[in-house]
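The values are calculated or read from the model by the stated rules, or taken from the named source; none is laboratory data. The structure displayed is predicted, hence computed values, not measured ones. For neighbour counting, all protein chains shown are included, and Cβ atoms are generated from backbone atoms with ideal geometry for every residue, glycine included. Surface accessibility is based on the protein's heavy atoms, side chains included, excluding ligands, DNA and RNA. Shrake-Rupley method; radii C 1.70, N 1.55, O 1.52, S 1.80 Å.
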Amino acid sequence: MSTATPENNNAVADGRKLRTSNSRQKIVDALLYLVRSGIVDPSAEEVAKVAKVGLRTVFRHFNEVELLHRELALTLEKTYVLQMLVPLTSTHWKDQVNEMLERLSVNYEHMMPYRVAAIYYKHKSKFINERLKKWDHITRQFFRGTVPSAAKEDRVLIDSLELILSFDSWIHLRMEKKLTPEETLNTHKRMSSALLNTCGY
């Protein structure tokens, strides 16, 4: 006859926590995979199937599907913010603009399926809508840091740059115009350079 000890109880509790953590991560990873594959609105059943967990497990971790999408948004945000915080290596502002655009192009391309899904959900979820605004704010602050100080005071210039270099612009050129990532990056570079040159920079 076995006797329960504090050590045994702790081991059991730790094992349950690990299984819970693993299941939760499998579910989030499954949603990431499905959205990345082009399924904008995966069902709980599809997530459970890809994660290889029961449907009840999905709902046990996330009482409603929106909570699962919140988890996805926060997971992506951590990666995106960290990448935006890495200092630029160029010293001249024009080189910094190009470096910034190249970094954005990598992030835009990687995040595009998730951005499309988030746009789909933003009218249904206040949380998702707020996260989209936060991502856009981070992007604006990132590229505003590369232009000359005088340019930052030109509201029309800054608003125009934000528009032509936005995530939505990237999606439009990639999905509607069918440009390649390289072609889209070059288009962003030419548009920003033309605009800055027109304004005397």
**Request:** Restricting attention to region 141-155, report how many residues are part of a helix (DSSP H, G or I), small (Gly, Ala, Ser) and open to solvent by less than 60 Å² (accessible area, probe 1.4 Å).
**Result:** 1
**Complete:** Among Ile138, Ile158, the single one that is touching a residue at least 40 places away in the same chain (Cβ under 8 Å) and assigned to a helix (DSSP H, G or I) is Ile138
**Item:** Unique match (being within 26 Å of Leu31 (Cβ to Cβ) and either in a helix (DSSP H, G or I) or modelled with pLDDT under 95 (or both)) among His188, His110
**Value:** His110
**Fill in**
Looking across region 35-53 at residues that are in contact (Cβ under 8 Å) with a residue 24 or more places away in the chain, among the hydrophobic types (A, V, I, L, M, F, W, C) and not in a helix (DSSP H, G or I), the single one that is least open to solvent (accessible area, probe 1.4 Å) is Val53
**Prompt:** Is it the case that region 121-130 has a residue that's surrounded by fewer than 14 Cβ atoms within 10 Å (Cβ to Cβ) and either assigned to a helix (DSSP H, G or I) or touching a strand residue (DSSP E or B) at 6+ places or on another chain (Cβ under 8 Å) (or both)?
**Reply:** yes
**Message:** Among the residues of region 84-95, are any at pLDDT below 85 and either in contact with a helix residue (DSSP H, G or I) (Cβ under 8 Å, 6 or more places away or on another chain) or under 30 Å from Thr187 (Cβ atoms) (or both)?
**Reply:** yes
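Kindly check whether there is at least one residue in region 67-78 that is among the hydrophobic types (A, V, I, L, M, F, W, C), under 17 Å from Asn22 (Cα atoms) and part of a loop (DSSP other than H, G, I, E, B). Let's see the steps before the verdict.
First pass over region 67-78, keeping only residues among the hydrophobic types (A, V, I, L, M, F, W, C): 67-68, 72-74, 76.
Still in the list and also under 17 Å from Asn22 (Cα atoms): 68, 72.
Still in the running and part of a loop (DSSP other than H, G, I, E, B): none.
Looking through region 67-78, none of the residues is among the hydrophobic types (A, V, I, L, M, F, W, C), under 17 Å from Asn22 (Cα atoms) and part of a loop (DSSP other than H, G, I, E, B).
If you check Gln83, Gln96, which single one turns out to be of a type outside the set (Lys, Arg), buried (at least 17 other Cβ atoms within 10 Å of the Cβ), out of contact with any Cys (no Cβ under 6 Å at 6 or more places or on another chain) and under 27 Å from Leu195 (Cα atoms)? Write out each step before concluding.
Working: Gln83 fails: buried (at least 17 other Cβ atoms within 10 Å of the Cβ).
Only one candidate passes the filter, namely Gln96.
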**Prompt:** Considering Ser21, Ser2, which residue is modelled with pLDDT under 75 and exposed (fewer than 10 other Cβ atoms within 10 Å of the Cβ)?
**Reply:** Ser2
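For the subset of region 181-201 comprising residues that are of a type in the set (Ser, Thr, Tyr) and farther than 13 Å from Met112 by Cβ, which member is surrounded by the most Cβ atoms within 10 Å (Cβ to Cβ)? Even if it seems obvious, please write down each step before you answer.
Pass one, region 181-201, residues of a type in the set (Ser, Thr, Tyr): 184, 187, 192-193, 198, 201.
Now narrow it down to the ones that are farther than 13 Å from Met112 by Cβ: 187, 192-193, 198, 201.
Values: Thr187: 16, Ser192: 21, Ser193: 15, Thr198: 10, Tyr201: 16.
The selected residue is Ser192.
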